[in-house]
1. Please go through the range 29-59 and give me each residue that is at pLDDT 75 or above, within 21 Å of Ala148 (Cα to Cα), exposed (fewer than 15 other Cβ atoms within 10 Å of the Cβ) and not polar (S, T, N, Q), ordered by number.
2. Which residue, of Val71, Val80, is modelled with pLDDT of 65 or more, surrounded by 10 or more Cβ atoms within 10 Å (Cβ to Cβ), within 16 Å of Ile145 (Cα to Cα) and of a type in the set (Val, Ile, Thr)?
3. If I filter the range 124-172 down to residues being among the acidic types (Asp, Glu) and at pLDDT 90 or above, which single residue comes out as surrounded by the fewest Cβ atoms within 10 Å (Cβ to Cβ)?
4. Taking only pairs six or more apart or across chains, which ones have beta-carbon atoms under 8 Å, a first residue in the range 111-135 that is more than 19 Å from Tyr67 (Cβ to Cβ), and a second residue that is among the small types (Gly, Ala, Ser) and assigned to a helix (DSSP H, G or I)?
5. Quick one: which residue in Ala85, Ala100, Ala26 is outside any loop (DSSP other than H, G, I, E, B), farther than 22 Å from Gly139 by Cα, small (Gly, Ala, Ser) and modelled with pLDDT of 65 or more?
6. Return the pairs, sorted by first residue and then second, in which the second residue is in a helix (DSSP H, G or I), the first residue lies in the range 152-171 and is of a type in the set (Phe, Trp, Tyr), the beta carbons are less than 6 Å apart, and the residues are 6+ apart or on different chains.
Amino acid sequence: MGEDKSEATRELFVLLYQDLRRLAHARLQRNEPITLLDTTSLVHETYLRVLKSSRVEVSERPRFLAYAAQVMRSVIVDFVRQRHAERRGGDDPPVSLDAAADSASSAEDEVLRVSEALDELTKVDERLVRIVEMRYFGGFTEEDIALALGVNERTVRRDWQKARLLLSLSLQ
C-alpha cells in the first residue's frame with residue numbers, strides 16, 4: 001500500500017510539476033531577499049515532504065495543490081528558522097550588515113511573524129488558515145481556493161477579509 005501511495009504521488013508530481021513550480025515561484029517572488037531558496041529547490045523539498053507524509057490526498061488536483069501550498073509554507077518557515085539559528089550560533093566572527101542583508105532579514109522576519117500568526121489563527125478557524133496559505137504562500141485565485149475547499153467564491157472572499165483582519169491584529 002505504501003508503495004502504491006508513493007507511485008501515485010510521483011505520478012501526480014510529474015503531472016502537476018509546472019503548477020507546483022508556478023506556486024513556488026509566486027511564493028518566493030513575494031520575498032525576493034530569501035535568495036538561497038529557489039523555485040526548483042522549494043518544489044523538490046515539497047515533493048520529499050509529501051512522500052514522507054501520510055496525509056497526502058492525490059485524488060483531486062485542487063486539493064492536492066492546496067496541500068502542496070501548505071507544505072511549501074512549512075518548507076519556507078523551516079528554512080528561515082534554520083537561517084536564523086545559523087546566524088545566532090557558531091564560531092564565525094561578527095560580520096557587518098549592509099542594506100541587502102537587512103532587507104533579507106526583514107523579509108525572513110515577516111515570514112516567521114505571519115507563520116506564528118497563522119498558528120494562532122488555527123485555534124480560531126482552520127479554514128481561514130488554509131485560505132491564507134493558499135493566497136499568501138501559494139498565489140491561488142479565489143476560484144482555485146473555492147474548488148480546493150469545496151466552498152463558493154463568496155465564502156472565500158468573506159473568509160479572506162476575516163483572516164486579513166485577524167492577522168493584522170495579531171501582527172501589530
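The values are calculated or read from the model by the stated rules, or taken from the named source; none is laboratory data. Remember, it's a predicted structure, so these values are computed and weren't measured experimentally. No Cβ is skipped: glycine too gets one built from the backbone with ideal geometry, and neighbour counts run over all protein chains shown.
1. Correct list: Leu51 only.
2. Numbers: Val80 fails: within 16 Å of Ile145 (Cα to Cα).
Going through Val71, Val80 in turn, just one is modelled with pLDDT of 65 or more, surrounded by 10 or more Cβ atoms within 10 Å (Cβ to Cβ), within 16 Å of Ile145 (Cα to Cα) and of a type in the set (Val, Ile, Thr): Val71.
3. Filtering the range 124-172 for residues among the acidic types (Asp, Glu) gives 125-126, 133, 142-144, 153, 159.
Those left that are additionally at pLDDT 90 or above: 125-126, 142-143, 153, 159.
Details: Asp125: 14, Glu126: 10, Glu142: 17, Glu143: 12, Glu153: 14, Asp159: 19.
Among them, the one singled out is Glu126.
4. Ala117/Ser170; Glu120/Ser170
5. Details: Ala100 fails: modelled with pLDDT of 65 or more; Ala26 fails: farther than 22 Å from Gly139 by Cα.
One residue alone meets the criteria, Ala85.
6. Pairs found: Trp160/Ile131.
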